[in-house]
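Please read the structure below before turning to the comments.
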Amino acid sequence: MSEKETKYIDIILPLPLNCLFTYSIPQGMEQLAISGARVLVPFGKSKLTVGLIVKVHDKKPDFNVKPIERVIDKQPVVNEKQLKLWQWIAYYYMSPIGDVFNAALPAGLKTVDGFKPKTETYVTLPENLRHEQALHVAFGILKRALAQQKTFATFLAMSHWDTLVGDYPDEQVVEITKEELMNEAHCSLGVFKQLIDKKFLQTYEKEVGRLNCGGEPHLDNVKMLSAAQQEAYNQILFQFLSKKVVLLRGVTSSGKTEIYIHLIKQALERHEQVLYLLPEIALTVQIRQRLQRVFGDRLGIYHSKYSDAERVEIWKKQLSPTPYDVILGARSAVLLPFNNLGLVIVDEEHETSFKQQDPAPRYHARSVAIMLAQQFGAKTLLGSATPSAESWNNAKNGKFGLVELNQRYQGIELPEIKVVDVKDMQRRKMMYGPVSPMLLHAMKEALENGEQVILFQNRRGFAPMIECRVCGWVPKCENCDVSLTLHKNMNQLTCHYCGFTYSVPKKCPNCESEDLRPYGYGTEKIEEKIMELFPGVPVARMDLDTTRSRNAYERIINDFSAGRTKILIGTQMVSKGLDFDHVKVVGILNADSMLNQPDFRAYEHAFTMMSQVAGRAGRKGGRGLVILQTKDVEQPVIRQIVDNDWQSFYAQLLAERRLFHYPPFYHLIYIYMKHKDERRVETAAIEMGSRLRQWLGERVLGPDKPSVSKVRTLFIRKIMLKLEMGIDMKGVRQCLYSVQQQMEQDKRYTSLQIYYDVDPS
């Protein structure tokens, strides 16, 4: 083949590089190389890497190019609209296109070998023990091995084998994974192995990650809307005639989900696809069950807790002639392929979980969803009881449509909120650990009446730190600038930034005192205290530590929904749109921890989170009660939460944001620099700040130390840009990249890392 006839391709590689790579196509492969297909290419001296074709052309580069090894796909695995969206994400969020590729594609599509279905170890009861009498004998044998007995009892309770009457359990037996059991029972691997060796338990392997088999769709299962819901539904449709994006502000328990179902049904009747985004995986458990009753196997679920095999399968199904009509998922679902998208729903749109932090790209799923919808000419519905300041401002100034739903479903009253002055209670020594007398009384009353309780504490672990009561020594992470969190059940001190763990010391290394005590309360410690206060009452904890396994969310939520668990203790996971029928009391244990954050969004986050968790109370059984514990009862935001005075809150918030040049009136970009040498990163930050001021003047603030200034042995500095609306953002980006290039060319800063957080949340 002559030189003129040689074809070339530009590809993306899954590397943190902001450029495309050019390769030549060997003779005979020209027809195979198509945009969106994967190719195997040589990269570096001997490495073969999977890349993605962006463009096929015949323009010979002015440098030597290597030929591709082979084309992996006969059909594209990424469509044109996806590629366009990736490029927008890379541009807007100032992230390398390689990072976008890496984040979007499931791991199984980034390797040559494809993917292998993942299996998980499950635990079951041996056949010979599936009798009431046999279980009594088993407990008798285990009475001297307390850890084994506890683990065995936990398994029986979780799986419902403890409901055996004769040969038959009263409740349907639930499959339990090994990881779930060990997590719930707080047992070691040794204890678990002993139960297996003694044949009290058996294990089996099961493939996880199968496509949704939700059965036949039943569109007739759609419930009738109430008068208020119907009015809101009609208004949304009317607003969609002139607006691409509509904000639905509906109070908690107003029935927003039912409106979404009606809108989805209408989109399906038009033969359009729907993307339904939720901020938290826990939420997909409840919503999935409601959607499956209506849409059956037309519904697909996609989030990070699924195995890679499943994510690959869903990805491929979305590219097939019979894709899912409705995709329900968390943040990453916005990156899936669609061919005929008609409606995007972003539920709980205010949630910070929609913003990706580390690793790059640091995109906001709400903004990406709006952009995705625009590509298809689709409509976007944002839903929340407490909208973000940006969305509320966009709705008030007419950029977005606005529909309000101010009535709870079936006329249920909003909960009563009572404030407890914890400082006063502590001074009078009236507290029961983290629980005030008022909250304790309310919990007892609710439990006596057969009702349930949710306790909210936005900190996991047993205690935020341990402290030597003699010299004040506090163990800190060697890699990060943070104190270590105590996880008592594991007898470990853990860094929540780098994951490093340490054994709990028996004595202080500073003064050798043995008086080391935990300071503060995490969810684990609260669980222990609640079990002391309410012996025999079933308690569950929902935080990052108890929801690591695939089925953990489902089990915890289903047990609480069915009434098997009476008290649920959790972090922000419990605040996000979960719907329980019999929750009478909600306790917010430490409101101050949310208010006293070094972040301009602290009050907004605190207001939305506390309002949302309060909304879990009093759903169908009458008016709920919320006990809000704080050391600062005079805080205006506390009063606004109590009075449900969201109008005053937003008015005050937006006035402050305008005055101090914050979103939604200004754009923010955070520039982060990292280096293993603190002096080097300090010098680099000062220099970069100085260079940026030559271009952008007083819009540049800093550099300064972030609240956590060292993570994974790297020291961090931050520069903030406050950019007025209407500024030439293209010019700003060019300026930033130009200065970054200058810094990278300086030999002093060869290992300096520079990255951007656009529109930080």
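The values are calculated or read from the model by the stated rules, or taken from the named source; none is laboratory data. Just so it is clear, the model here is predicted, and its values are computed rather than measured. Cβ sites come from the backbone with ideal geometry, for glycine too, and all protein chains shown count toward neighbours.
Read through the list (1) outside any loop (DSSP other than H, G, I, E, B); (2) assigned by TED's automatic domain parsing to the domain that holds M573; (3) farther than 30 Å from Q635 by Cα, then give the number of the only condition that G450 fails.
Failing condition for G450: (1).
Report the residue count in the range 735-761 for those that are part of a loop (DSSP other than H, G, I, E, B), touching a strand residue (DSSP E or B) at 6+ places or on another chain (Cβ under 7 Å) and surrounded by fewer than 20 Cβ atoms within 10 Å (Cβ to Cβ).
Number satisfying all stated conditions: 3.
Tell me which helices (runs of 4 or more DSSP H) are completely within the range 631-734 and hold 2 or more residues being without any contact (Cβ under 8 Å) to a residue 60 or more places away in the chain and acidic (D, E), or say none if there are none.
Counting at least 2 such residues, we get 678-696.
Of all the residues that make up the range 331-352, how many are in contact with a Pro (Cβ under 7 Å, 6 or more places away or on another chain) and either more than 20 Å from W86 (Cα to Cα) or among the hydrophobic types (A, V, I, L, M, F, W, C) (or both)?
The number of residues fulfilling the criteria is 4.
Which residue is farthest from Y260 (Cα to Cα), if the candidates are limited to the range 298-330 and must be surrounded by fewer than 19 Cβ atoms within 10 Å (Cβ to Cβ) and of a type in the set (S, T, Y)?
Ranking the candidates gives S320 first.
Applying the selection to the range 397-418, what residues are exposed (fewer than 14 other Cβ atoms within 10 Å of the Cβ) and assigned to a helix (DSSP H, G or I)?
Scanning the range 397-418 gives Q410, G411.
Scan the range 356-381 for residues that are in a helix (DSSP H, G or I) and of a type outside the set (A, V, I, L, M) and jot them down.
R366, S367, Q374, Q375, F376
Considering only residues of the range 273-297 that are out of contact with any helix residue (DSSP H, G or I) (no Cβ under 7 Å at 6 or more places or on another chain) and of a type in the set (D, E, K, R), which is modelled with the lowest pLDDT?
By that ranking, first place goes to R288.
Determine, yes or no, whether I727 is over 13 Å from I686 (Cβ atoms) and surrounded by fewer than 16 Cβ atoms within 10 Å (Cβ to Cβ).
Values: over 13 Å from I686 (Cβ atoms): yes; surrounded by fewer than 16 Cβ atoms within 10 Å (Cβ to Cβ): yes.
Considered against the rule, which asks whether it is over 13 Å from I686 (Cβ atoms) and surrounded by fewer than 16 Cβ atoms within 10 Å (Cβ to Cβ), I727 comes out as yes.
If we scan the range 211-225, do we find a residue that is without any contact (Cβ under 8 Å) to a residue 24 or more places away in the chain and either more than 24 Å from E390 (Cβ to Cβ) or surrounded by fewer than 18 Cβ atoms within 10 Å (Cβ to Cβ) (or both)?
yes
Output the residues belonging to the range 338-355 that are in a loop (DSSP other than H, G, I, E, B) and surrounded by 22 or more Cβ atoms within 10 Å (Cβ to Cβ).
F338, E348, E349, H350, E351 - these are the residues of the range 338-355 that are in a loop (DSSP other than H, G, I, E, B) and surrounded by 22 or more Cβ atoms within 10 Å (Cβ to Cβ).
For the condition surrounded by 14 or more Cβ atoms within 10 Å (Cβ to Cβ) and outside the structural domain of W646 (by TED's automatic domain parsing), what is the one hit in D481, D515, D421?
Being surrounded by 14 or more Cβ atoms within 10 Å (Cβ to Cβ) and outside the structural domain of W646 (by TED's automatic domain parsing) holds for just one of D481, D515, D421, which is D481.
Is it the case that the range 94-104 has a residue that's among the aliphatic types (A, V, I, L, M), surrounded by 15 or more Cβ atoms within 10 Å (Cβ to Cβ) and assigned to a strand (DSSP E or B)?
No, there is no match, as no residue in the range 94-104 is among the aliphatic types (A, V, I, L, M), surrounded by 15 or more Cβ atoms within 10 Å (Cβ to Cβ) and assigned to a strand (DSSP E or B).
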